[in-house]
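Readers should treat all values here as calculations from the given coordinates under stated rules, not as data from a laboratory. Every value quoted in this text rests on a predicted model; they were computed, and no experiment measured them. Backbone-built Cβ (ideal geometry, glycine too); neighbour counts: all protein chains shown.
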Amino acid sequence: MRTLHKHYIGGEWVDASSFSVRDITNPATARKSGEMVLGNAADVDRAVAAARAAFETFQFVSREDRLEILQNLVAEYQKRMAEMAEVITLEMGAPKFLATRAHAPAGVGHLMAAIEALKNYSFFEDRGPTRIAKEPIGVVGMITPWNWPINQIACKVAPAIATGCTMVLKPSEVAPYSAQLFTEIVHAAGVPAGVYNLVYGEGQSVGEALSGHPGVDMMSVTGSTRMGAAVQANAAKTIKRVAQELGGKSANIVLDDADLEAVVAREAASVMRNTGQTCTALTRMLVPHSRMDEAAAIAAQAVSTVVTGDPNKDETTMGPIAHEAQFHKVGEMIQTGIDEGARLVAGGPGRPDGCPEGFFVKPTVFADVKPEMTIAREEVFGPVLSIIGYEDEDEAVRIANDSLYGLSGAVQSKDHVRAQRVAARMRTGMVYINGAAGDISAPFGGYKQSGNGREWGDHAFADFLEVKSILGHNAS
């Protein structure tokens, strides 16, 4: 059993101010795998004080020294890549192949992207006698989720270090093992004491104390829209910046000229990746009404090949939902889809065959989904695809944009120029054309209630920087 009984503050593992623990559950078995100490406001105070003290000098550390710190992090991370994959499988149930090929490499990928961005990033611009300088914002509070745990930790920590900020991290209480391992990597890499601090705990205690703390200059959070709104409201008391990457209900427009067989099969399978627990998952598939039955059959066939089960087995392609509350929510959403009249063509309520324990759900596809149905409007955050019909291109775009969210979207067409035109009309922070791969150097974030600010690559730096005008700097 793993025991996470100490916080990391000021470069040391330290005892919590009071000892209370939370059980950590292996989602594949629904049994206890470890326990985590629960921090409180006093622990946050200590961590913020350490970060503030470190900021006094770290803000002036040279570009070369920050590059060296990031390079040391990469070197130490690579030594423990296999272990990172193992703990991610244990804490949130990602299948072995996905943890090894996607989850664990994402952490080092963000560190490397920050290195490349930092090498030539301009922190000042001269305009005649005036210098416009970009300076580190200060102490950053970070709250990260359980669905892509190390990805979201690294994509916040890397730009913070690159820009000269110090930080206090509150990782997910559901999936803290990867945060523990990453902190060991930070320590081994020689990151200066106080630059990076870790406090375990829950949102109502540590998260609330962090977001409302007067010593924190910025909050960077990833999670549900409800959580983001709570953080923003609490942060408003101290007028701090809040950068948020929140929920999504992304639309995938399959135009009438697309290769339906190839596109629907590929895109239906992609929704099941990470058990549907991805904020950018394209869970609303829009197809012409005239091809609804065909698309439904293709999608059902595609998800029938998903192998659900023990995430440690090589043949498993879909693991469990990461925790019990989400498991019940997904089951309720599937039942709601049935009750509201959507046509179930694959999956449905209950556990898959061969999975008598753990938080497993069936890969599920609904057809004939109406845009006003709950499963078409609310984020399920599970392996559930809703296929929605449309009459023409204009209606497809209207349906796609008729959402509280605006994180991601996609367009599928044999006519690339047409796909570009439709992509330009979508009100989302990202659009994928014809199955394009992700780009770790491209800005990641959304419109509307999907959040604000951008992560990844050099675009992430802006949120961690203040802009100062120095008038007369270049006077002769």
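Could you work out the relative contact order of the chain? I mean the mean sequence separation of Cα pairs under 8 Å and 6+ apart, divided by the number of residues, in percent.
Numbers: 1129 pairs, mean separation 90.3, N = 476.
Relative contact order comes out at 19 percent.
For the peptides 115-125, 130-140, what is the packing order when you average, over each peptide's residues, the other Cβ atoms within 10 Å and list the highest mean first? Don't jump to the answer; show the numbers that get you there.
On the way: 115-125: 13.9, 130-140: 20.2.
Answer by packing, highest mean first, reads 130-140, 115-125.
Subtracting the Cα-Cα distance from 0.36 nm times the residue separation, let me have the gained length for Phe97 to Met81 in nm, one decimal.
Separation in residues times 0.36 nm, less the Cα-Cα distance, equals 4.4 nm.
Using alpha carbons only, how many degrees (0 to 90, rounded to 10) separate the axis of helix 63-79 from the longest principal axis of the chain?
With both axes taken from Cα atoms, the answer is about 50 degrees.
Once R0 is set to 25 Å, what does the formula 1/(1 + (r/R0)^6) return for the Cβ-Cβ distance between Lys370 and Glu324, expressed as a FRET efficiency to the nearest 0.05? Kindly include the intermediate steps, with their values, before the conclusion.
On the way: r = 30 Å, r/R0 = 1.22.
Step by step, r from the Cβ atoms, then E = 0.25.
Determine the distance separating the Cα centre of the range 1-71 from the Cα centre of the range 427-455; give it in Å without decimals.
Using only Cα atoms to place each centre, the spacing works out to 29 Å.
Along the range 32-37, what does the Karplus equation 6.51 cos²θ - 1.76 cosθ + 1.60 (θ = phi - 60°) give for ³J(HN,Hα), rounded to whole Hz, x for Gly and Pro?
Values, residue by residue: 5, 10, x, 8, 10, 5 Hz.
Out of the DSSP beta bridges found with both residues in the chain, what percent are antiparallel (nearest 5)? Don't skip to the answer; put the middle values down first.
Values: 29 of 68 bridges.
Once the DSSP bridges in the chain are tallied, antiparallel ones form about 45 percent.
If amide hydrogens are placed 1.01 Å from N in the peptide plane, which non-local residues have theirs closer than 5 Å to the one on Thr283?
Those lying under 5 Å, H to H, from Thr283 are Ser250.
So what J values fall out for the range 50-61 if you push phi through Karplus, 6.51 cos²θ - 1.76 cosθ + 1.60 with θ = phi - 60°, rounded to Hz, Gly and Pro as x?
Computed from phi, the couplings for the range 50-61 are 5, 5, 5, 5, 5, 5, 3, 9, 5, 4, 9, 5 Hz.
Report, by chain and number, residues whose modeled amide H sits under 5 Å from the one on Lys414, excluding near sequence neighbours (fewer than 5 apart, same chain).
Placed amide hydrogens put Asp257, Ala258, Asp259 under 5 Å from Lys414.
With +1 assigned to the C-beta of every Lys and Arg and -1 to the C-beta of every Asp and Glu, and no other charges, what is the dipole magnitude of the range 251-440 about the Cα centre in debye, to the nearest 20? The partial results should precede the final answer.
Details: 17 positive and 28 negative charges, 70 e Å.
Computed charge dipole of the range 251-440: roughly 340 debye.
What are the ³J(HN,Hα) couplings of the range 208-221, residue after residue, when phi is run through the Karplus curve with 6.51, -1.76, 1.60 and θ = phi - 60°? Round to Hz, x for glycine and proline.
Each residue's phi maps through the Karplus curve to give 5, 5, 5, 5, x, 6, x, x, 9, 8, 7, 10, 10, 10 Hz.
Note down the relative contact order for the range 312-418 as a percent, whole number, built from C-alpha pairs under 8 angstrom at least six residues apart. It would help to have the intermediate numbers written out before the result.
On the way: 119 pairs, mean separation 24.2, N = 107.
It rounds to 23 percent for the range 312-418.
For Phe123 and Arg377, FRET efficiency with R0 = 60 Å and r from the beta-carbon atoms, rounded to 0.05?
Working: r = 43 Å, r/R0 = 0.71.
That pair, Arg377 with Phe123, gives E of 0.90.
Name all residues of the range 113-148 having a backbone nitrogen under 15 Å from the label point set 7 Å from the Cα of Ala475 along its Cα→Cβ direction, giving them as ranges.
128-131
Quick one: dipole size for the chain, taken about the Cα centre, charges +1 on Lys/Arg Cβ and -1 on Asp/Glu Cβ, in debye to the nearest 20. Don't jump to the answer; show the numbers that get you there.
On the way: 44 positive and 56 negative charges, 153 e Å.
The dipole magnitude comes to about 740 debye.
Mind sorting Cys355, Cys165 by how few other Cβ atoms lie within 10 Å of their own Cβ, fewest first?
In order of increasing Cβ crowding within 10 Å: Cys355, Cys165.
Answer with one residue from Gly248, Ser20, Gly93: the one whose Cα lies farthest towards the positive end of the charge dipole of the chain, charges on Cβ with Lys, Arg +1 and Asp, Glu -1.
So the residue furthest toward the plus end is Ser20.
Can you list residues whose amide H is under 5 Å from Gly319's amide H, if they're 5+ apart or on another chain and H is modeled 1.01 Å from N?
When sequence neighbours closer than 5 places are left aside, the close amide H contacts are Thr275.
Using 0.36 nm per residue of separation minus the Cα-Cα distance, give me the extension gain between Phe60 and Ala262 in nm, one decimal.
Numbers: separation 202, 0.36 × 202 = 72.72 nm, distance 5.31 nm.
That pair, Phe60 and Ala262, stretches by 67.4 nm at full extension.
Cα axis of helix 81-92 to longest principal axis of the chain: angle in degrees, 0 to 90, nearest 10?
60
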